[in-house]
């Protein structure tokens, strides 16, 4: 019977022609099957594996060979040093969204009540991360997908978040008439003709959470023009958006009566988050 090292080597060779990180993918999948972390594979590389383990591993390798994302195969993805459940009902959390979290946390007080609306919560990574980092905040997490909300609720329970409320709603349609200090959103912002939709993980992610009309700006426009009815005076609206959309998002916010509009870059130096404050006049 083959050892851990032999099985990982075999999986690596199988994935080499189709994956950017074949050994990493093979190690993650075998560790998942074994219920261990990757360091276990190195510490016990000469351990002989049972046929059932090898069979499960080979099934996952076959799915990965088709392009199915690792996160969907294992059912989890790390974000902000926490593990989150994911499924094909939701987008896979990405490091770029941590820029959005950083900007939010910089504005949320640590010791005062603060009401936040997270539009298009998906797996709940934004709402739940903010809830965990700011215990005095109250977050309302909205999504139009029942399946996505079920995943988000599962994540909230896993992280023992009691300050998040989930709402099934198409943007503001079912949001109660409250006033929020901050509205945050990572909405669909990819143009339907974008070539990236046929590449990588996005091929398997829900298109409803990816694609927006009007060159990817429709949902940003809708949110910006309704947000003023749900923000306190000088309340803040914050978007994650595409790398080439900063000027358009800035224009949308300014035209919707937002001031002090600013854009922040992601870890790769791309414009990724744009924010503005609702004018008091």
Test residue 244 against the stated conditions and say whether it is surrounded by fewer than 20 Cβ atoms within 10 Å (Cβ to Cβ), touching a strand residue (DSSP E or B) at 6+ places or on another chain (Cβ under 6 Å) and over 14 Å from residue 119 (Cβ atoms).
no
Among the residues of the range 264-276, which ones are buried (at least 20 other Cβ atoms within 10 Å of the Cβ) and either over 9 Å from residue 243 (Cβ atoms) or at pLDDT below 95 (or both)?
273, 274, 275, 276
I'd like to know if the range 207-230 contains one or more residues that are assigned by TED's automatic domain parsing to the domain that holds residue 121, within 30 Å of residue 136 (Cβ to Cβ), assigned to a loop (DSSP other than H, G, I, E, B) and in contact with a helix residue (DSSP H, G or I) (Cβ under 7 Å, 6 or more places away or on another chain).
no
Identify all residues within the range 9-27 that are assigned to a helix (DSSP H, G or I) and more than 14 Å from residue 62 (Cα to Cα); write none if there are none.
9, 23, 24, 27
Can you name every residue in the range 3-43 that is surrounded by 14 or more Cβ atoms within 10 Å (Cβ to Cβ) and more than 30 Å from the chain's Cα centre (by Cα)?
3, 4, 5, 6, 7, 9, 10
Conditions first: (1) touching a residue at least 12 places away in the same chain (Cβ under 8 Å); (2) in a loop (DSSP other than H, G, I, E, B); (3) farther than 15 Å from residue 103 by Cα. Residue 269 passes all but one, so which condition is the exception?
(1)
Within the range 44-54, the residues that are part of a helix (DSSP H, G or I), exposed (fewer than 13 other Cβ atoms within 10 Å of the Cβ) and in contact (Cβ under 8 Å) with a residue 24 or more places away in the chain are 51
Do we have residue 169 as touching a residue at least 60 places away in the same chain (Cβ under 8 Å) and either farther than 17 Å from residue 272 by Cβ or within 21 Å of the chain's Cα centre (by Cα) (or both) here?
no
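The values are calculated or read from the model by the stated rules, or taken from the named source; none is laboratory data. On a predicted model such as this, the values are computed, not experimentally measured, just so you know. A quick note on method: Cβ atoms are made from the backbone with ideal geometry, for glycine too, and the neighbour counts reach across all protein chains shown.
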